[in-house]
Amino acid sequence: MGDYKKLQVYSTFRLQKIKIDASWKLIDLVMKTLKEKVIKVSISPSAFVASTAIIKGPVIIESGAKVMENAKILGPSYIGKNVIVGNCALVRESFISDDTVVGYLVDIARSYVGRSCWFSRVHIADSLLDDDVNLGGGTIIASLRLDHHPISLKINNEKVQTTRSKLGAIIGKGTQIGANVTIMPGTLIGKNCVVGAGMI
C-alpha cells in the first residue's frame, strides 16, 4: 500500500509546495494512480460490505471500512481505513481517505476526498477536498459548464485556463459548507472557511 500512502501525503493540498495555478492537476494524478494501481477487487477481512451493496470494477476497501446497504462503488476506487459509505451512496472512480463519512445518498465522481470529511445527501464531481471538510446536506459541486467550454480559475484576479472540460471545486482543510449550497465549476475555497447555507 506504499503507493496509496504516498498519494495521500502528496495529494492533501500541500499548496505551499506546489503552484496554486496547477493544483487542479492533482485530479489527473489521482485518476492516473487509481487506474494504474487499483487493478482488482481487494476487501480487507475487517471491512464490512452489506449484502445489498454493489462493488463493480477494481476497488480497494481498507480495514475497518463499512459499505452500507444499497451503496454502490464503481472502480477504480480506493476506500480508506474506517471510511463509512452510507446507504444508497454512489462512489465512482474516486479516492476516499481514512475516517471519512460518505453519508446517505452521496454521489462522488472522479474526486479526491481527504481524511475525516463528513457529508450526507451531496453531489461532488471532479473535485479535490482536503482533510476535515464538511458539506451540509443538499450541497452540489457542479463540474460542467452549460456551454461545455473549458473551465477557468480566477487566481489573484487573473483568469487561468485549465483546459479541462470538467472541474468542480478545490476546497481547503477545515472548511465548513452549509446546507443547500451550490458551488459552480472551477471554484477555489481556502482552508478554514465557513460558507453559509443556501449560498451560490
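Most simply put, the stretch 120-200 has about 30% antiparallel DSSP beta bridges, counting only bridges with both residues inside it. Note that the stretch 42-85, at 10 °C in a medium of 1.306 mPa s, gets a Stokes-Einstein diffusion coefficient of 160 µm²/s from its Kirkwood radius over C-alpha pairs.
Placing dummy labels 7 Å off each Cα toward the beta-carbon, the span from ILE39 to SER51 is 3.4 nm. Atom-type composition of the exposed protein surface of the chain places 54 percent of the accessible area on carbon and sulfur (1.4 angstrom probe). Think of a 1.4 Å ball rolled over the protein heavy atoms: the chain then has 48 Å² of accessible area per residue.
Placing pseudo-labels 7 Å out from each Cα toward the beta carbon at TRP118 and LYS32 gives an inter-label distance of 3.5 nm. I want the local charge near THR52. Using Cβ-Cβ distances under 14 Å, sum +1 for each Lys or Arg and -1 for each Asp or Glu among the other residues. My count for the surroundings of THR52 gives +2. Accessible-area rank, largest first, for TRP24, TRP118: TRP118, TRP24, with all protein chains present and a 1.4 angstrom probe.
Of all DSSP beta bridges confined to the chain, the antiparallel ones make up roughly 10%.
With the convex hull drawn over the C-alpha atoms of the stretch 138-189, the volume per residue is 84 Å³. Shown here are the Rg and Dmax of the Cα trace of the chain, at 15.9, 51 Å.
Relative to the dominant Cα principal axis of the chain, helix 25-37 is inclined by about 20°. Using a probe of 1.4 Å on the protein chains alone, the accessible area found for MET199 is around 100 Å². On the principal axes of its alpha-carbon atoms, the stretch 28-133 has extents of 32, 29, 18 Å, going from largest to smallest.
The values are calculated or read from the model by the stated rules, or taken from the named source; none is laboratory data. Small disclaimer: the values here were computed from a predicted structure and weren't measured. Using ideal geometry, Cβ is built from the backbone for each residue, glycine included, and neighbour counts are taken over all protein chains shown. Side chains included, ligands, DNA and RNA excluded: accessible areas come from the protein's heavy atoms. Shrake-Rupley method; radii C 1.70, N 1.55, O 1.52, S 1.80 Å.
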